[in-house]
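So the structure is just underneath, and the comments pick up after that.
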Amino acid sequence: MISVATAKQIINSHSKTLPTIERPILQAPGYALAQTIVSPIQFPAFRQSSMDGYAIYYVEKEKTLLIQDALPAGTSQQLTLENGMAIRVYTGGPIPDGADCVVQKEYVNLINQSIQIQSDRIVQLGDHIREKGSDIEKNTVLIEAGTVLRPAHIGLLASAGITNVPVIQKPSVAILLTGNELVQPGQSLQFGQVFDSNAFAIQAHLKQAGIENIAVHYLKDDLNDTIANINAAVQEYDLILLTGGVSAGDYDFVPAACIKAGIEQHFHKVKQRPGKPLFFGTQQNRLVFGLPGNPGAVLSCLYQYVLPAIDQLCGTHTIQTTTAHLKAPFKKTIPLTQFLKGYYESGEVTVLPAQASYQLSALGKANCWIELEEEWTFIAAQQEVKIYLFI
Ligand code: AMP
Ligand code: MG
């Protein structure tokens, strides 16, 4: 059996960055930028007014100035300001050539077709003029490669006239659920049956990670059915997540089926709870996880292995970890790395009741996993522990 750290290293070494694709900017949030984006334009692209007012020659600010013309936002007219004159300008509209100052309209008295700046007003050279390129120069970096795009980036890209961006593709995922006892939520539960929750927990996490291409298949606890489904899935999907059937029971066919389907096994079983029977293998760049069936173990393995592998594949940062002080002392009785459902608030984390891997009640309140290291036996109150925040 290998340690959690070794398991992570092995998965990491097989998780290769996926290819680059172009996406329309509105479909790009949550994706990692594959190349640095430089601005194809200057911003502002022309000398612009930031105020409704009058463009003047600063040295003429004490004169009565005849209104020469008006330049509203959106006009394509390019004017030169004449001496002894002022041009009416508007926020976002162009500044006439020559003008070196904009006086806001509230600062002037209008007399027929002329203006006079009120004597108590302070007017300075360059007032309310956005110089061409003063925000962004052409060909300067807008967003660095590797940045995971957020909605705020999308407006910035649009401001530069960019409609599509190269991003790292997200993996396609096949979820294969084993278990003759499973029925779909919504159906009536017969004796001996349980509602499938793994398909839902996994899909919800994948969707939160921005993954769209997800297939879900229910398998019989049958070696040949399992082999056939794994074979089909590795043809088409980057990531294959099986749940259940990964231990050593009479109906646990997943590890053997993976081998028969030509998956190269990298490990089976990790020194952890929950999730000890975890299987990991690859076929070329396809990653295959055999997750245990218990929903708690599935969830723990998602945070420890699957979501980090996805982050590695597509350059994202879905998983956030931090440290917290354990609220109450905890006696650890198993020589394995233990993951506990926790509630984190204001730097402190509480171990919630009901921690067995089949127990789900704590998930109504939990907001993180607490990691207790393999060799620890007693964790004192206020000891610092690593936590993995729920996404
Ligand atoms: P297994 O790993 O197949 O032995 O399953 C371990 C436990 O998890 C059993 O109690 C199963 O009924 C349960 N289980 C397996 N798959 C699912 C699933 N998709 N949803 C909910 N529980 C499951
Ligand atoms: Mg089973």
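Out of (1) in contact with a Pro (Cβ under 9 Å, 6 or more places away or on another chain); (2) of a type in the set (V, I, T); (3) not in a loop (DSSP other than H, G, I, E, B), what's the single condition that is false for T75?
(3)
State yes or no: is L239 away from ligand 1 (no atom under 11 Å from the Cβ) and in contact with a helix residue (DSSP H, G or I) (Cβ under 8 Å, 6 or more places away or on another chain)?
Values: away from ligand 1 (no atom under 11 Å from the Cβ): yes; in contact with a helix residue (DSSP H, G or I) (Cβ under 8 Å, 6 or more places away or on another chain): yes.
So L239 passes the test.
Going residue by residue through the range 251-269, is there one that turns out to be among the acidic types (D, E), more than 17 Å from S357 (Cα to Cα) and within 15 Å of ligand 2 (Cβ to nearest atom)? Let's see the steps before the verdict.
Our first condition is that a residue be among the acidic types (D, E); within the range 251-269, this holds for 252, 264.
Imposing the further condition that a residue be more than 17 Å from S357 (Cα to Cα) reduces the set to 252, 264.
Now restrict to residues that are within 15 Å of ligand 2 (Cβ to nearest atom): 252.
Yes, that holds for at least one residue.
Just for the range 188-209: of the residues that are within 7 Å of ligand 1 (Cβ to nearest atom) and either within 12 Å of L302 (Cβ to Cβ) or free of Cβ contacts under 8 Å to residues at least 60 places away in the same chain (or both), which one is most open to solvent (accessible area, probe 1.4 Å)?
In the first step, residues of the range 188-209 are kept if they are within 7 Å of ligand 1 (Cβ to nearest atom); the result is 194-199.
When the remaining residues are screened for being either within 12 Å of L302 (Cβ to Cβ) or free of Cβ contacts under 8 Å to residues at least 60 places away in the same chain (or both), the result is 194-196, 198-199.
Details: V194: 67, F195: 93, D196: 5, N198: 12, A199: 1 Å².
Here the residue is F195.
Please find, within the range 158-201, the residue that is farthest from the chain's Cα centre (by Cα) out of those that are of a type in the set (A, V, I, L, M, F, W, C) and under 27 Å from G146 (Cβ atoms).
Within the range 158-201, the subset of a type in the set (A, V, I, L, M, F, W, C) is 158, 160, 162, 165, 167-168, 173-177, 182-183, 189, 191, 194-195, 199-201.
Applying the additional criterion that residues be under 27 Å from G146 (Cβ atoms) yields 158, 160, 162, 165, 167-168, 173.
Working: A158: 20, A160: 23, I162: 21, V165: 16, V167: 12, I168: 12, V173: 17 Å.
Across the range 158-201, the extreme among qualifying residues is A160.
Anything in the range 43-88 that is touching a helix residue (DSSP H, G or I) at 6+ places or on another chain (Cβ under 8 Å), open to solvent by 60 Å² or more (accessible area, probe 1.4 Å) and more than 18 Å from H128 (Cα to Cα)? List them, or say none.
Passing the criteria: only N83.
If you take the residues in the range 272-307 that are open to solvent by 10 Å² or more (accessible area, probe 1.4 Å) and in a helix (DSSP H, G or I), which one is nearest to F195 (Cα to Cα)?
The qualifying residue nearest to F195 (Cα to Cα) is P295.
Name the single residue, out of those in the range 16-52 being of a type in the set (V, I, T) and in a loop (DSSP other than H, G, I, E, B), that is farthest from the chain's Cα centre (by Cα).
We begin by selecting, within the range 16-52, every residue of a type in the set (V, I, T); these are 17, 20-21, 25, 36-38, 41.
Add one more test, that the residue is in a loop (DSSP other than H, G, I, E, B), and what stays is 17, 36, 41.
Details: T17: 16, T36: 18, I41: 28 Å.
Filtering the range 16-52 for residues that are of a type in the set (V, I, T) and in a loop (DSSP other than H, G, I, E, B), the one farthest from the chain's Cα centre (by Cα) comes out as I41.
Show me the strands (runs of 3 or more DSSP E) found entirely inside the range 138-243 where at least 3 residues are closer than 25 Å to N294 by Cα. So that I can check it myself, show each step before the final result.
Values: elements: 141-143, 164-168, 173-178, 214-219, 239-243.
Fully inside the range 138-243 and qualifying: 173-178, 214-219, 239-243.
Among the listed residues I111, I129, I168, which satisfies the condition of being farther than 26 Å from E22 by Cα and buried (at least 17 other Cβ atoms within 10 Å of the Cβ)?
Numbers: I111 fails: buried (at least 17 other Cβ atoms within 10 Å of the Cβ); I168 fails: farther than 26 Å from E22 by Cα.
Going through I111, I129, I168 in turn, the sole match is I129.
Within 13 Å of ligand 1 (Cβ to nearest atom) and under 19 Å from Y388 (Cα atoms) - does that describe any residue in the range 263-275?
Looking through the range 263-275, at least one residue is within 13 Å of ligand 1 (Cβ to nearest atom) and under 19 Å from Y388 (Cα atoms).
Quick check on this structure: which one of E374, E384, E348 is touching a Pro at 6+ places or on another chain (Cβ under 9 Å) and acidic (D, E)? I'd like the intermediate steps shown before the answer.
Details: E384 fails: touching a Pro at 6+ places or on another chain (Cβ under 9 Å); E348 fails: touching a Pro at 6+ places or on another chain (Cβ under 9 Å).
None of the other options fit; the residue is E374.
The values are calculated or read from the model by the stated rules, or taken from the named source; none is laboratory data. Since we're looking at a predicted model, the values are computed, not measured. Glycine gets a Cβ as well: all are built from the backbone with ideal geometry, and neighbour counts include every protein chain shown. Note: accessible area is taken over every heavy atom of the protein model, side chains too, but ligands, DNA and RNA are not part of it. Shrake-Rupley method; radii C 1.70, N 1.55, O 1.52, S 1.80 Å.
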